[in-house]
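One structure is given below, encoded as structure tokens.
Laboratory data are not the source of any read-out in this text; all were calculated from the coordinates shown. Predicted model only: the values in this text are computed from it and were never measured. Here Cβ is always computed from backbone atoms with ideal geometry, including for glycine, and neighbour counts include all displayed protein chains.
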Amino acid sequence: MIPNQWYAVAEARKLKGKPMGLERLGRKIVLWRDGSGTFRAALDRCPHRGAAPSRGKVLDGEIQCPWHGFRFGPDGVCTGMPCEGSEARIPRGMALAMLPAREAHGLLWVFHQGADCVRADPEAVPIHWFDEFADGKTGAAGSGFDWPFNYVRTLESNFDVHHFPFIHGGGRISGERVEFFEVSEANDHLRIRGQLRHEHKDKGLSFRIEYKPPAVSLLEFPGFAFVVADCPIDASNTWRYARYRQSVIRIPGIAKVLSWFALQLDFRLFQNRQDEWIMATQQPGQPDQAVDHLVGADAGTAAFTNLRHRLIREASPKQG
Ligand code: FES
Ligand SMILES: [Fe+2]
């Protein structure tokens, strides 16, 4: 994981009046909304005796652990221990381990600091997104799913167009040859434009892929585009959220329904069947530059790998 970055952990619309327990960023976390509706996140471990507060309730914006009913305010500090009476002095340290949390672009984001890293102020780190999918723009449809792959392998797949003709069966239309018009990086933002074409034709299927760290990507093809935010669950599973917008029909309402169909087609047929079928065979399960032999068409993956390694290095304390 790239440290000192915001990761999208869940869809905002799914967090209502109950706590939500999730595994993200290699840890068990609990999400809830406080009395003002503000999204809060903490490690899903009660400081009393370690049960999961996510199995409890939200009462007046406070989260209550289900085991002995201890309550915790929006800052994670314990506000009541029923077994000790209302006058009891609350010991210091009786608090949830809070995580920096923000709501943006219809998603809930948690800041990942990372162990042994240069510490960053979460408020000074922006949440990256794409204007094409800015709040208020209509006609898009989004959803999330768990993918049984390492998250770096998952991110690599966003840069991989040359599997389309083979795994998704579109070779007769698109051709198999990758030609890049642009592979550039500016301000930690990758931009890739190119086309898939037949060997002896000039024009083919155009594509645009952009990436903003740590894990937000935009993919555009003729007729539709989608933004995808990937979040590690653990070392070998990833939560993917994608929002689609088709650009063929512009009539409101119908446009959104078609975007939803594009999403269902990509998730259910392409990603959850065809991609999953082949990616399950990929060895090793995590990228290893010593054994993978990238070729010219993997320029996006190579640029992503370089950027990712640089950002990890920059967050590491200087040696010596
Ligand atoms: S473990 Fe949570 S209240 Fe006891
Ligand atoms: Fe695919």
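Some points to look at:
- For the stretch 19-24, Karplus couplings with θ = phi - 60° (6.51, -1.76, 1.60), whole Hz, Gly/Pro x: x, 10, x, 9, 10, 8
- Rounded to whole Hz, the Karplus (6.51, -1.76, 1.60) HN-Hα couplings of the stretch 82-89, x for glycine and proline: x, 5, 9, x, 6, 8, 4, 7
- Amide proton proximity set for Lys57, modelled H, under 5 Å, gap of 5+: Gln64
- Highest-MSF residue in the chain out of Ala134, Ala104, Ala115 [GNM, Cα springs under 10 Å]: Ala115
- Comparing Arg243, Arg92, Arg24 in a Gaussian network model of the chain where C-alpha atoms under 10 Å apart are linked, the largest mean-square fluctuation is found at Arg92.
- Lone cysteines, the chain (no partner Cβ under 4.7 Å): Cys78, Cys83, Cys117, Cys231
- Under the criterion of Cα pairs below 8 Å and six or more residues apart, the relative contact order for the chain equals 18 percent.
- Taking amide H as placed 1.01 Å from N in the peptide plane, Ala10 has its amide H under 5 Å from the amide H of Leu108, each at least 5 places away in sequence or on another chain.
- Most mobile of Val125, Val295, Val257 in a GNM of the chain (Cα contacts under 10 Å): Val295
- Value of relative contact order over the stretch 131-314, rounded to a whole percent, pairs C-alpha under 8 Å and six or more apart: 27 percent
- Proximal lysines to Lys16, defined as alpha-carbon separation beneath 28 angstrom and excluding residues fewer than eight positions away on the same chain: Lys28, Lys57, Lys137, Lys256
- Derived scalar couplings between HN and Hα for the stretch 232-244 equal x, 8, 8, 5, 10, 9, 9, 8, 10, 10, 9, 10, 10 Hz in order, rounded to whole Hz, by the Karplus curve 6.51 cos²θ - 1.76 cosθ + 1.60 (θ = phi - 60°), x for Gly and Pro.
- Rounded to the nearest 20 debye, dipole of the chain from Cβ charges on Lys, Arg, Asp, Glu: 740 debye
- Comparing Leu205, Ile312, Ala97 along the charge dipole axis of the chain, the residue lying farthest to the positive side is Ala97, per the Cβ-charge model.
- Farthest toward the positive end of the dipole of the chain, out of Cys231, Ile278, Ser36, is the Cα of Ser36, where the dipole comes from beta carbon charges about the Cα centre.
- Magnitude of the charge dipole, the stretch 1-104, Cβ model with Lys/Arg +1 and Asp/Glu -1, debye to 20: 300 debye
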